[in-house]
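Okay, structure first, notes after.
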Amino acid sequence: MSPRIAPAQPPYPPAVARTLEQLRTPGDQPLSLFRTLARDARLFARFTGGGLLDPGCLSLREREIVIHRTCALNGCGYEWGVHAAIFADAAGLDAEQLAATTAPGIAACWGPREALLIAFCDAVHARADLDDALWARLAEAFSEEARIELMMLAGFYRTVSLLANGLRLAPEPFAAPFPP
């Protein structure tokens with residue numbers, strides 16, 4: 001399957017080139033997702049300005065669990081594989097846990113706080129909402145700011161999943177394979 005829209009090629013506009021340089025990944029080129037969005041400098045700037053990969057209220061591990069689960073629920077092997085290759089080790093996610101992000105239900109490999117993140121992702125994916133009981137459980141474990149960040153993170157990676165899937169982006173050469 002080939003991409004529906006070809007990625008932009010250099011030379012990029014100066015602002016796009018600066019941002020792409022800051023977003024370097026293990027591959028020879030910037031991610032095809034970034035290069036495709038770079039076809040429109042305005043859209044590229046809006047997308048890259050909305051990312052949540054900076055330190056926030058969540059730990060790296062918590063953030064990556066939410067990203068992996070959200071991408072898996074949306075069948076987005078592209079972004080799941082990029083994050084597995086780049087962030088999984090630093091986040092302390094082992095092979096069993098990475099596989100568990102793609103499996104239905106809450107696996108035994110998760111601690112209580114991590115299982116809560118999986119339940120959060122599942123609820124947001126199914127309903128774009130959180131019932132009062134889940135919200136209360138989240139309130140016991142996460143600050144108000146962290147709960148807002150969780151919702152923004154899940155929503156952003158739902159958007160990323162739509163872009164990668166809808167554009168038919170091929171997996172990056174360095175990406176981890178998405179489990180069947």
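The values are calculated or read from the model by the stated rules, or taken from the named source; none is laboratory data. Note that this is a predicted model, so its numbers are computed, not measured. Glycine also receives a Cβ, built like all others from the backbone with ideal geometry; neighbour counts cover every protein chain displayed.
Tabulated values for the structure
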quantity: Cβ-Cβ under 7 Å pairs, at least 6 apart or on other chains, segment 5-31 side in the same structural domain as L43 (by TED's automatic domain parsing) and in contact (Cβ under 8 Å) with a residue 40 or more places away in the chain, far side surrounded by 11 or more Cβ atoms within 10 Å (Cβ to Cβ) and hydroxyl-bearing (S, T, Y); calculated: L31/T25
quantity: Yes/no for E62 being more than 23 Å from S32 (Cβ to Cβ), among the acidic types (D, E) and out of contact with any Leu (no Cβ under 7 Å at 6 or more places or on another chain); calculated: no
quantity: Members of segment 114-147 found to be in contact (Cβ under 8 Å) with a residue 40 or more places away in the chain and more than 24 Å from G75 (Cα to Cα), listed by number; calculated: F142, S143, E145, A146
quantity: The listed residue being of a type outside the set (F, W, Y) and farther than 30 Å from G27 by Cα, out of D94, D132; calculated: D132
quantity: Subset of segment 147-162 [under 15 Å from G81 (Cβ atoms) and either in contact with a strand residue (DSSP E or B) (Cβ under 9 Å, 6 or more places away or on another chain) or of a type in the set (A, V, I, L, M) (or both)]; calculated: V160
quantity: Helices (runs of 4 or more DSSP H) contained in segment 49-152 and holding at least 3 residues over 13 Å from the mean Cα position of the chain (by Cα); calculated: 88-91, 95-100, 112-127, 132-141
